[in-house]
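The values are calculated or read from the model by the stated rules, or taken from the named source; none is laboratory data. Because the structure is predicted, anything quoted here is derived from the model rather than measured. Cβ: placed from backbone, ideal geometry, glycine included. Neighbour counts: every protein chain shown. Accessible surface is based on the protein model in full, side chains and every heavy atom, while ligands, DNA and RNA are left aside. Shrake-Rupley method; radii C 1.70, N 1.55, O 1.52, S 1.80 Å.
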Amino acid sequence: MGDRDRKTVVVGGGLAGLAAAAFLARAGRSVVLLEKSRALGGRAATRVKDGFHFNLGPHALFLGGAGAGTLRELGVEFPGGSPPSRGSFAVRGKKKHALPGGFASLLRTSLTGFSGKIELAGLLGSIGKIDPGPIQDQPLEDWCESGARHPEVRGLVKALFRLTTYVDDPSRQSAGAAVAQLQTALRSNVRYVDGGWQVLVEGLRRAAEAAGARIETSAAAVSIERDASVRAVRLADGTSIPAGSVVMAVGPDAARSLVVRSEETSLRAWAEAAIPVRAACLDMGLRCLPDPRALFAVGIDRPLYFSVHSAVAMLAPQGGAVIHAAKYLGEGEADPKSVETELEDWLDFLQPGWRDVTVDRRFLPKLTVSNAVVTAERGGTSGRPGPAVPEVRGLYAAGDWVGPEGMLSDASLASARRAAQMIVNDFGR
């Protein structure tokens with residue numbers, strides 16, 4: 001085996017790229033990671049200002065998912081806390097109801113009447129027993145309509161699916177994939193990470209470098225040269241790195257644009273099929289929390305979210321609060337100003353007085369949460385592409401749109417691990 005075949009280039013320094021580099025280097029491969037920005041992290045980056053730690057919108061790590069398992073395998077710690085059941089509300093119209101999260105909250109919630117509570121208890125109790133496999137190709141909308149008789153119960157169940165998948169597209173979303181994601185959340189809860197997700201980024205960077213990977217920032221890859229196999233990665237400065245394998249830890253459009261004659265590969269179809277998942281996010285740093293009784297809320301009749309992440313994670317200076325308000329964006333265009341006003345009104349309802357104690361705020365009108373909805377049309381998670389690009393030996397993809405396992409960061413980290421395993425199997429150590 002020549003030197004070129006022994007080298008792997010990873011393009012992209014987010015969670016997937018860093019994890020892939022760590023696994024490959026641990027397996028004895030020669031690895032170079034290229035990140036076009038000056039800093040690592042991508043959408044997992046955290047901005048720190050005045051002692052407030054801001055992720056790009058609300059981020060939660062599913063403790064029972066593939067992502068947490070991958071981080072543990074690589075020795076990356078993720079200290080923090082889980083959202084509390086106290087101070088959690090389901091909001092319909094202009095009224096707050098206790099969010100049913102257990103037997104006691106189910107009994108006292110005013111969201112639904114007695115018969116609705118019976119139906120909801122049965123539905124929530126049965127979720128964990130459902131086999132997601134046979135309903136992967138069923139739209140979530142159809143599943144919800146057939147699974148719940150009371151409108152308020154359907155509304156709550158849809159809100160829980162939005163909460164755990166970040167998707168507001170039930171007519172196209174796979175019911176099986178959504179159910180599996182909700183099962184993961186109900187089984188093990190989620191964690192807000194102390195210091196923000198940059199802690200995960202730095203942990204993965206340390207794991208990759210300790211294993212021998214070389215990481216280069218401000219190094220933009222512009223093309224992947226290939227014939228029937230990968231040959232080299234060309235950079236913006238005109239240099240090229242010979243390589244026998246490449247992991248593209250980027251989105252589907254970026255992956256397609258990188259590869260020479262990509263129209264001859266599956267990358268074109270993969271990119272064209274991808275439906276991005278987007279949300280509008282209002283990230284706030286407050287000097288204090290006006291109403292400490294309201295810590296979490298989901299909209300029942302509107303696709304809205306609210307959480308005080310600093311209530312359980314170290315993200316704010318003493319006495320301060322980091323809160324996230326978000327609207328899950330479905331099909332069609334949303335006017336950014338109107339959405340921002342809607343989120344401000346949402347905060348007025350949940351935390352009246354927030355305007356008077358605001359230290360910092362950031363509005364993200366159209367944040368890409370994930371690169372692709374897991375659709376029923378494509379058969380759920382099993383219909384997602386990659387990691388191997390079948391037409392080009394040595395070419396692989398990794399990210400939240402790749403592979404048969406998990407969603408969001410779970411998919412990113414699981415596909416990175418799988419891509420690394422395939423390279424080791426195909427090319428040796």
Task: the chain: antiparallel DSSP beta bridges as a percent of all, rounded to 5 - done: 70 percent
- [ ] Take the Cα atoms of segment 168-305, find their three principal axes, and give me the spread along each one in whole Å, biggest first.
- [x] 60, 40, 28
Task: For segment 250-267, 3J(HN,Hα) per residue [Karplus equation, 6.51 cos²θ - 1.76 cosθ + 1.60, θ = phi - 60°, Hz, x = Gly/Pro] - done: 9, x, x, 5, 5, 4, 4, 6, 6, 8, 4, 6, 5, 5, 8, 10, 6, 4
Task: For segment 387-429: span of alpha carbons on each principal axis (Å, largest first) - done: 28, 22, 11
Task: Mean-position separation - Cα centroids, segment 1-73 and segment 92-157, in angstrom - done: 36 Å
Open item on the list: Given the whole protein assembly as supplied and a 1.4 Å probe, what does the accessible area of E331 come to in Å², nearest 10?
Closed with: 130 Å²
- [ ] Quote the charge dipole size of the chain about the Cα centre in Debye, to the nearest 20; the model charges only the Cβ of Lys and Arg (+1) and of Asp and Glu (-1).
- [x] 800 debye
Open item on the list: For A243, what residues show an amide H to amide H distance below 5 Å, using hydrogens built from the backbone and excluding near sequence neighbours?
Closed with: A232, V233
- [ ] Report the FRET efficiency, 1/(1 + (r/R0)^6), for D301 and S37, where r is their Cβ-Cβ distance and R0 is 41 Å, rounded to 0.05.
- [x] 0.55
- [ ] Based on a Kirkwood Rh over C-alpha pairs, give the Stokes-Einstein translational diffusion coefficient of the chain at 25 °C and viscosity 0.890 mPa s in µm²/s.
- [x] 110 µm²/s
Open item on the list: For T109, T217, give me the order by solvent-accessible area with a 1.4 Å probe, most accessible first, ignoring ligands, DNA and RNA.
Closed with: T217, T109
Open item on the list: On a full-extension model of 0.36 nm per residue, what is the gain between D50 and E264, subtracting their alpha-carbon distance, rounded to one decimal in nm?
Closed with: 72.0 nm
Open item on the list: Whole-Hz ³J(HN,Hα) for each residue in segment 191-208, computed from phi via Karplus 6.51 cos²θ - 1.76 cosθ + 1.60 with θ = phi - 60°, x for glycine and proline: what do you get?
Closed with: 10, 8, 8, 4, x, x, 6, 4, 4, 5, 4, 5, x, 5, 4, 4, 5, 5
- [ ] Determine the per residue accessible area of the chain with all protein chains present and a 1.4 angstrom probe, expressed in square angstrom.
- [x] 40 Å²
Open item on the list: Distance between the C-alpha centers of segment 194-250 and segment 275-350? Whole Å please.
Closed with: 34 Å
Task: GNM top mover of V359, V233, V402 - the chain, alpha-carbon springs below 10 Å - done: V359
- [ ] Go ahead and run the numbers for FRET between K95 and D194, Cβ-Cβ distance against an R0 of 30 Å, rounding to 0.05.
- [x] 0.30
Task: Under the Karplus curve 6.51 cos²θ - 1.76 cosθ + 1.60, θ = phi - 60°, whole-Hz ³J(HN,Hα) for segment 393-405, x wherever Gly or Pro sits - done: 5, x, 10, 9, 10, 8, x, 6, 10, 10, x, x, 10
Task: Compactness of segment 228-341 - radius of gyration and Dmax, Cα, Å - done: 21.7, 61
Task: Cut-off 15 Å, label 7 Å out along Cα→Cβ of E202, residues of segment 315-335 by amide N - done: 315-316
- [ ] With the full set of protein chains in place, find how many percent of the accessible area of the chain is carbon and sulfur; take the probe as 1.4 Å.
- [x] 50 percent
Open item on the list: Taking 4 °C and 1.567 mPa s as the conditions, I'd like the Stokes-Einstein D for segment 47-143 in µm²/s, using the Kirkwood hydrodynamic radius from alpha carbon pairs.
Closed with: 75 µm²/s
